[in-house]
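First comes the structure, then the notes that go with it.
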Amino acid sequence: MNRSIVLLSGGLDSLVSLGLVKEKYNVDMALTFDYGQKSALDEIDASKKISKLYGLKHVIIALDWLKNITHTALVSNDEIPTGKKLENSKQSAKLVWVPNRNGLFLNIAASFAEAENYTHIIIGANKEEGMTFPDNTQEFIDRINNEFEYSTQNHPKVLAPLINFDKNDIVRLALEHGIPLEYVKSCYKGGERHCGECESCIRLKNALINNGDTRFIKLLF
């Protein structure tokens, strides 16, 4: 019988992944990580609300040491890249990169999965971000699943329900399945409303526009 953990940041991808597979994979635990990112408080608040809505056990994991070794804009005092700085996707990725973030998160989740006998770990990796971030690709998922064959006894499987979808598809799926986008917190900067200027906000806003949505644009931005 399936029993799953979701990596829940409170952003678009993790929320939609959860909404799509909650029942099929019996997701009953969410892990949210605080590594000193600018949006940490907003992500935790959104994740708490989402976990309550879906009836999940919610575990917040502090990784203070990761903040201490991260020197990019997502965590440091440097400005989050916006506008022209986003034209070069490889350069913008470097500006918000956190060392081995997804690899670390999944390995922590695998420890929970082995200790509490979970079969799957759900992550919001997707096609669009996979073009910029290599730890959002199917190749990465395959490699880490192979690792868990050796590093765990129960061999939990990492599942990325959105791996073949871009942001337009992800928003479309959310709207079709009634997934509550009002809970989303995708902004790198954090704050009561999305900034609309960082890479994460631009991806979300464009996808909402392309899906003809106005309600969530007004609500989130």
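The values are calculated or read from the model by the stated rules, or taken from the named source; none is laboratory data. Source: prediction; values computed, not measured. So basically every Cβ, Gly included, is an ideal-geometry build from the backbone, and we count neighbours across all protein chains shown.
Below are the figures for this structure:
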item: Selection within the range 164-203 - assigned to a loop (DSSP other than H, G, I, E, B), among the aliphatic types (A, V, I, L, M) and farther than 30 Å from N117 by Cβ; result: V184
item: Residue count, the range 103-131 (criterion: crowded, with 17+ Cβ neighbours inside 10 Å and modelled with pLDDT under 95); result: 3
item: Within the range 91-135, tally of residues that are free of Cβ contacts under 8 Å to residues at least 24 places away in the same chain and in contact with a Leu (Cβ under 7 Å, 6 or more places away or on another chain); result: 0
item: Out of V75, V98, sole residue that is among the hydrophobic types (A, V, I, L, M, F, W, C) and either under 15 Å from L31 (Cα atoms) or out of contact with any helix residue (DSSP H, G or I) (no Cβ under 6 Å at 6 or more places or on another chain) (or both); result: V98
item: Which listed residue is of a type outside the set (S, T, Y), surrounded by 23 or more Cβ atoms within 10 Å (Cβ to Cβ) and on the phi > 0 side of the Ramachandran plot, from G36, G10, G55; result: G10
item: Residue in the range 43-62 that is over 18 Å from S14 (Cβ atoms) and at pLDDT 95 or above present; result: yes
item: Tally of residues being out of contact with any Lys or Arg (no Cβ under 7 Å at 6 or more places or on another chain), surrounded by 17 or more Cβ atoms within 10 Å (Cβ to Cβ) and either aliphatic (A, V, I, L, M) or assigned to a loop (DSSP other than H, G, I, E, B) (or both) across the range 61-77; result: 4
item: Flag for N100 being among the polar types (S, T, N, Q), out of contact with any His (no Cβ under 9 Å at 6 or more places or on another chain) and modelled with pLDDT of 95 or more; result: yes
item: Residue in the range 148-163 that is part of a helix (DSSP H, G or I) and either crowded, with 17+ Cβ neighbours inside 10 Å or hydrophobic (A, V, I, L, M, F, W, C) (or both) present; result: yes
item: Test: residue in the range 168-186 that is of a type in the set (K, R) and either touching a Lys or Arg at 6+ places or on another chain (Cβ under 6 Å) or without any contact (Cβ under 8 Å) to a residue 24 or more places away in the chain (or both); result: no
item: Residue in the range 4-19 that is hydroxyl-bearing (S, T, Y), modelled with pLDDT of 95 or more, under 19 Å from L162 (Cα atoms) and in contact with a helix residue (DSSP H, G or I) (Cβ under 6 Å, 6 or more places away or on another chain) present; result: yes
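For (1) among the aromatic types (F, W, Y); (2) outside any loop (DSSP other than H, G, I, E, B); (3) free of Cβ contacts under 8 Å to residues at least 60 places away in the same chain, each residue gets a yes or a no:
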| site | (1), (2), (3) |
| --- | --- |
| Y25 | yes, no, no |
| L31 | no, yes, no |
| Q37 | no, no, no |
| D42 | no, yes, no |
| D45 | no, yes, no |
| V59 | no, yes, yes |
